[in-house]
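Student: Sending over a structure as structure tokens; questions will come in a sec.
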Ligand SMILES: Cc1cc2nc3c(=O)[nH]c(=O)nc-3n(C[C@H](O)[C@H](O)[C@H](O)COP(=O)(O)OP(=O)(O)OC[C@H]3O[C@@H](n4cnc5c(N)ncnc54)[C@H](O)[C@@H]3O)c2cc1C
């Protein structure tokens, strides 16, 4: 780990004043400190925002759900109103990582965590994502069992943020604040695929701080669910996760969003799966068809073909869970 | 049955020497379920009288709380990693960043200049790996040849761990890199890069590490080590049915919670070594060898130990580096490996096994043939023939075991070396045979297994599990399929004669036991306290146990489940003799003779007048000196019989055939280990073995990058180990098996504790659930979905 300065801030203005010149925001520190200990990032200064009270808090109104970026995953998971009206989000927050991590991890940090790829996270190897001059993605011809099965031709990393999956499905917006002012970014524009930038995963610019996350109120008849699959239940990363938001009219699905985590380098919506569900009565056959459709363009690598099968299962079971036609899956972890 | 593959070094089963005067005693013998018998044995005259069965004893055989449990739970117990000495320095190991090549130069100047750095030491010899039969083949070089990424090169000691870590990064090594191979199959090719430029062998270690020398070597393929019994060609010709099978297992790393490490305090008159080790005595021997010191000038201390599983016996590279740094800096040095290094320092080799079994239509085995290839990286010891050789009655056997060198960290003894791999293949093949014969797998084993203990254990499975309700293979209709399976284990009774202790009785009534034997966490301290307590009629918690220090009488190295069977007889003998000395010393003052005194219900009584009864303290108060003591050493086994232990484990599970997830729901195990001294401790060992076995079967695997030669998951987030949520319901039935072999009849349980069987039992249950054989572990979603034919997987062997 490199030597660094540490500044503790109490207000957003103070934090914004400290950003710049190699400074990095530190929230819960779960991902950031790991990366520092492994010498993958070496910020000269950490700007601790954990004590900025205005970035805390969860409010539910008729307009929707307003989340401070310092809300912890545990707070989100345990919030009764979120459980009732935004269940995919409480599912995702409650099934990410481990209880200890969820007590520390913040929502802002969770959607900003860096991607998973053991080549990217190894000090020993350089790759194009690290920007050190290498033009290689080692995963494509290397060990890739946990890697992306879609959009993986530039870089095969995956982004493991569980909460980003429902936030994308619920059309959430992220409020970014800098010294120049504020801007709102739709979740669907928040992540940047490797084709656009192999270095940055998000549109967040240096000097910008996430100051809020807003989820619009669900339309009447909305039901949602999220499930995460891994190799084991304790202390594991997703190998497939799915978030489903359905606007139901009786048994009929008026509108659907189907979001896949760790399938591609960033969380993605599957328009193909949504098209299968929209306007249909939800039953096992339609749910399975949606799973198949979501995977029709998959381009698995040498070792991760199984994730195609796993995603089909994750999607059909999560559609049925959202529709209230299936119990939570014992094979979904956490 | 003779354990033909048992090659644990330094553990001999000794027969009673002829000259010693003996007497004949009657011992309780056998298994209570079968009706206990009596066995006559000749025993040396000063042996204590035979122990009655556990049911008639006060402390031995009774569930007993862990002696040091409170100290561990409250953090008072000091592990090697916790040792703090005045002026102590912290060290970090520098290791190789290439998998194969020569070191051209090492520049330590920048590291040495870093403020706070007190010593840098460059390694001259690498320990714990195979060595060339002809060392000249490596060519002249100041430095050892690099044969795996992560091979230790140097160590740096500094005033803080952070400075040592920073300094380690400043050591500049220039390499001349050579082609390498990390994949077992590729390494077998004739044109594969040679890991060693000629034949190489690895010496054995206590606990069963290392492998055979004097076998042929072609390229990277070392072996075969061939064992033969009868004539397999004839046996196969006589068979009514044949099964042929192929199985693959992965590399598992030891991943001890406490990483390998030492604190060494090098002083001219004595070198003190705090070691995270399974053998205070084997560490002392290796330090003496390496540094050409008399053993009397080396003191090794292991008070608490955070897991070794077979990989912590010698000084190791860490110990040698720590000692050199301490000598150079003239200060104590702590060197613990970091988590990445811990994954690379040792492992259980992988395997590719081909089995062929012939049987008569009634199940009688006619021939067994096994060929195995496994890689222990730059070491040897990947053989897997133990279960196939020693479990069942079969007149014709042929096994060929090959080690395949690869440019990867060395294998080491790992909880029942070779057996989990061997059992995964062998016990599934026996199940395949049962399917072919249309026999119940338990009934087939009833036919071919001669072990009386496992017979009782199978009966317990029948009585206490759901086995009788087993459905036919793959008969569940939905995507979630349920199944049951069993597998059996065999392990061997080894005894280490370097097992001594001293028992002291003090005038104030306190009793102290001292031995260099170490407690790895298996509960050795507790059983020793029970044994001393039984002799003196004293609660085990009140006996003072001082072990894990070579200043005390020598103790056995803890490998191959030898500890309980080796040290407990010496402890009982010493306690018995100390008690005899006590009685002799106080009898005159009590107005009687020594032979009229006995302990009963915690008191000292007159045999001829039970109304005369004293507390131990009242008796010791009469001692003419402040302390009396007795020393005892392990007496030879009472008989030359070679014994094995074992167990039968049952698994009930669900397979989600659409996600490839396996949910182990229930494990029931019936196990034997001679006379159980502390059933709580034994069951705790079995629980741990079962969990390690499930973890091996479902999750753990070392992943090497073929292109760079690095281990990609040398951490605890991608090297996946079973956690709390993967723990099934576990039930253990412990059977008593009185063997009349020593004054305690105790035996270890570390090996045959579930680690051997669980992968095979899960495999058999998987077959029962799905009708498909899992030929590869770990059974991750990727491997399970491939096994079920739901996805194509890369061809891999
Ligand atoms: C064993 C394990 C399993 C895990 N499994 C999962 C899982 O299943 N699903 C999942 O989603 N996660 C998982 N995680 C990851 C964990 O949830 C994240 O590391 C955590 O949410 C990060 O939050 P944090 O507050 O600690 O962020 P930090 O580590 O403090 O920050 C992470 C990044 O976000 C930036 N950042 C933080 N806050 C802001 C802000 N307000 N504005 C701008 N930038 C900001 C930081 O600069 C940094 O780059 C797992 C972690 C572990 C250790």
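Where a number appears in this text, it was derived from the coordinates with a stated rule and is not lab data. Just so it is clear, the model here is predicted, and its values are computed rather than measured. A quick note on method: Cβ atoms are made from the backbone with ideal geometry, for glycine too, and the neighbour counts reach across all protein chains shown.
Student: If I model a spin label as a point 7 Å beyond the Cα along the Cα-Cβ vector, how far apart are those points for residue A:217 and residue A:278 in nm?
Tutor: It works out to 2.4 nm between the two label points.
Student: Using the number of other C-beta atoms within 10 angstrom as an exposure proxy, rank B:264, B:182 with the fewest first.
Tutor: Ascending Cβ contact count within 10 Å gives the list B:182, B:264.
Student: Could I ask something else about it? Provide the gained length on full extension for the span residue A:255 to residue A:180, in nm with one decimal, where the gain is 0.36 nm per separating residue minus the Cα-Cα distance.
Tutor: Values: separation 75, 0.36 × 75 = 27.00 nm, distance 3.76 nm.
Result for the pair: 23.2 nm of gain on full extension.
Student: Let me ask something else about it. By count of other Cβ within 10 Å, fewest leading, how are B:550, A:286, B:389 ordered? Don't skip to the end; give the middle numbers.
Tutor: On the way: B:550 22, A:286 18, B:389 25.
Ascending Cβ contact count within 10 Å gives the list A:286, B:550, B:389.
Student: Grab the DSSP H runs of chain B that are 4 residues or longer, score each as -39,500 (n - 2.57), total them, divide by all residues and round the 222 nm result to the nearest 500 deg cm²/dmol.
Tutor: -7500 deg cm²/dmol
Student: Also: What is the mean number of Cβ atoms from other protein chains located within 10 Å of the Cβ atom of each residue in peptide B:645-657, rounded to a whole number? Before the final figure, lay out each step's value.
Tutor: On the way: counts 0, 0, 0, 0, 0, 0, 0, 0, 0, 2, 1, 6, 2.
Rounded to a whole number, the mean comes out at 1.
Student: Okay, moving on. Could you sort the peptides B:379-387, A:51-59, B:650-658, A:85-93 by per-residue average Cβ neighbour count (10 Å cutoff), highest mean leading?
Tutor: Result, highest mean first: B:379-387, A:85-93, B:650-658, A:51-59.
Student: Still on this structure: Using only alpha carbons, build the gyration tensor for region A:222-322 and give me the equivalent ellipsoid semi-axes, biggest first, whole Å.
Tutor: Result for region A:222-322: semi-axes of 23, 14, 11 Å.
Student: List the relative contact order of chain B as a percent without decimals, with contacts defined as Cα pairs under 8 Å and 6+ residues apart.
Tutor: For chain B, the relative contact order is 17 percent.
Student: Hey, rough spin-label estimate for residue B:186 and residue A:197, points 7 angstrom out along Cα→Cβ, what's it come to in nanometres?
Tutor: Those two pseudo-labels are separated by 3.6 nm.
Student: According to the square roots a ≥ b ≥ c of the eigenvalues of the Cα gyration tensor, what is the shape class of chain A, taking rounded for a/c under 1.5, prolate for a/b larger than b/c otherwise, and oblate for the remainder?
Tutor: Oblate shape, in that a/c is at least 1.5 and b/c is the bigger or equal ratio.
Student: When you count, for each residue, the other Cβ atoms within 10 Å and take the mean per peptide, how do A:214-220, B:568-574 rank with the highest first? Could you put the intermediate results ahead of the total?
Tutor: Details: A:214-220: 14.7, B:568-574: 28.9.
Put in order of decreasing packing, that is B:568-574, A:214-220.
Student: Got a sec? How would B:266, B:491, A:118 order by Cβ neighbour count within 10 Å, fewest to most?
Tutor: The most exposed by this proxy come first: B:266, A:118, B:491.
Student: Ok, one more. Treat region B:639-750 as a sphere of radius equal to its Kirkwood radius over Cα pairs and apply Stokes-Einstein at 25 °C in a medium of 0.890 mPa s; give the translational diffusion coefficient in µm²/s, rounded to a whole number.
Tutor: Taking Rh from Cα pairs, D becomes 147 µm²/s.
Student: Using a 10 Å cut-off on Cβ to Cβ distances, tally the other chain neighbours for every residue of B:711-717 and report the average as a whole number.
Tutor: Mean shielding count: 5.
Student: Compute the length gained on full extension between residue B:295 and residue B:234: take 0.36 nm times their separation in residues and subtract their Cα-Cα distance, giving the result in nm to one decimal.
Tutor: Between residue B:295 and residue B:234, full extension yields an extra 16.6 nm.
Student: Could you list, bin by bin from short to long, the percent of Cα-Cα pairs of the protein assembly as shown in 20 Å steps?
Tutor: Binned Cα distances yield the sequence 11, 37, 35, 14, 2, 0.
Student: Now for a different question. Take peptide A:312-325, look around each residue's Cβ out to 10 angstrom, count Cβ atoms belonging to other protein chains, and average those counts.
Tutor: Working: counts 3, 10, 2, 0, 1, 3, 0, 0, 0, 0, 0, 0, 0, 0.
Mean inter-chain Cβ contacts per residue within 10 Å come to 1.
Student: Still on this structure: At a 10 angstrom cut-off on C-beta neighbours, averaged per residue, how do the peptides A:196-204, B:635-643, B:673-681 rank from highest to lowest? Could you put the intermediate results ahead of the total?
Tutor: On the way: A:196-204: 16.6, B:635-643: 18.3, B:673-681: 24.7.
For the peptides A:196-204, B:635-643, B:673-681, the packing ranking is B:673-681, B:635-643, A:196-204.
Student: Taking Rh as the Kirkwood radius computed over C-alpha pairs, what is the Stokes-Einstein D of region A:207-270 at 4 °C in a medium of viscosity 1.567 mPa s, expressed in µm² per second?
Tutor: D = 92 µm²/s.
Student: In addition: Please state the shape class of chain B: rounded when a/c is under 1.5, otherwise prolate if a/b exceeds b/c and oblate if not, all from the C-alpha gyration tensor.
Tutor: Note, shape of chain B comes out oblate.
Student: Given a Förster distance of 51 angstrom, what is the FRET efficiency for residue B:55 paired with residue B:169, based on the Cβ-Cβ distance and rounded to 0.05?
Tutor: So, using R0 = 51 Å, E works out to roughly 0.25.
Student: Of all DSSP beta bridges in region B:183-315, what percent run antiparallel (nearest 5)? If you can, show how the numbers build up before the last one.
Tutor: Details: 8 of 12 bridges.
The antiparallel fraction comes to roughly 65 percent.
Student: Pop a pseudo-label 7 angstrom from the Cα along the beta-carbon direction at both residue A:84 and residue B:330 and give the gap in nm to one decimal.
Tutor: Once both label points are built, they end up 7.5 nm from each other.
Student: In addition: What FRET efficiency would be calculated for the residue pair residue A:10, residue A:103, taking the C-beta separation as r and a Förster radius of 25 Å, to the nearest 0.05?
Tutor: Calculated value: 0.70.
Student: Multiply the residue separation of residue B:112 and residue B:707 by 0.36 nm, subtract the distance between their alpha-carbon atoms, and state the gained length in nm to one decimal.
Tutor: In short, 210.9 nm is gained.
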